[in-house]
Amino acid sequence: MPLRIAPTYRAAWVPARGDAPPDAALETAVAWWEERCAETGTRGLLVTNDKMTVTVTPRLLALARRHRSATPRTSAAAPWGVPVLAHRPDQAALHLAVQRAHGAALCVVEGVAGQVAGWASVTPAVALAPAGPGTGAATAAVDEQWLRTVTRLASGEHGMPSSPERTLAVLADLPAHRRAQLPTALIARGAPLAEVRQVVKLLAEVRGAGAR
């Protein structure tokens, strides 16, 4: 099996914070995203979990009309290689955003604290402060051992689909916080969504074994 090549793009995110208004987080992300659109002279792509989210949120609807929008269910016509804004994405929406941002840029607005921390840990993504893209921006240092583990699992070299026993052994050796981050980290490194969902099931087995 040929090894998968991880998507590459400029990355930023607005981590979820209980003390930050959701509107401020979105506006911070939009400012960074639209700067990338202006640099490339292209319209961007807004990715959400479903169409209803855009329909009921006036700010997102305005962005979708000015740029383009897609959900995992409506992804067929979504452009490739353009700056992408992923708004509070679940795993399917994050996967779509990562694929479409390849060669361009991706900014993620996290919905729940820790939800996309795995993605951010291996990208690496610049963390944007809600006060604005120029305030408090920082990129965390990459954990090289963690990156190697994720890359191996995502690349196809590990044979995860055909050898879940090998994957279970790797998962059992990971610290609990890394297990929680693994699904979105795999998405960041180009793993197919079906394999990510298989890993989620294996992670449940590891947790179950630890509880016994």
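The values are calculated or read from the model by the stated rules, or taken from the named source; none is laboratory data. The structure presented is a predicted model; accordingly, all values stated were derived computationally and were not measured. Using ideal geometry, Cβ is built from the backbone for each residue, glycine included, and neighbour counts are taken over all protein chains shown. The area values use the complete protein model at the heavy-atom level, side chains included, leaving out ligands, DNA and RNA. Shrake-Rupley method; radii C 1.70, N 1.55, O 1.52, S 1.80 Å.
Data for the structure
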| read-out | value |
| --- | --- |
| Residue within region 110-117 that is open to solvent by less than 30 Å² (accessible area, probe 1.4 Å), in contact with a helix residue (DSSP H, G or I) (Cβ under 7 Å, 6 or more places away or on another chain), not in a strand (DSSP E or B) and not hydrophobic (A, V, I, L, M, F, W, C) present | no |
| Yes/no for Ala101 being under 19 Å from the mean Cα position of the chain (by Cα) and either open to solvent by less than 20 Å² (accessible area, probe 1.4 Å) or free of Cβ contacts under 8 Å to residues at least 40 places away in the same chain (or both) | yes |
| Residue that is touching a residue at least 24 places away in the same chain (Cβ under 8 Å) and among the acidic types (Asp, Glu), where the choices are Glu35, Glu39 | Glu35 |
| Filtered residues of region 2-48 (kept if among the basic types (Lys, Arg), within 25 Å of Arg65 (Cβ to Cβ) and loosely packed, with under 15 Cβ neighbours inside 10 Å) | Arg43 |
| Pairs, first more than 15 Å from Ser121 (Cα to Cα) in region 161-184, second among the charged types (D, E, K, R) and surrounded by 13 or more Cβ atoms within 10 Å (Cβ to Cβ), C-beta under 8 Å, six or more apart | Pro161/Glu195; Leu168/Glu205; Leu171/Arg179 |
| Among the residues listed as Ala141, Ala180, the single one being open to solvent by 70 Å² or more (accessible area, probe 1.4 Å), closer than 24 Å to Ala25 by Cβ and at pLDDT 90 or above | Ala180 |
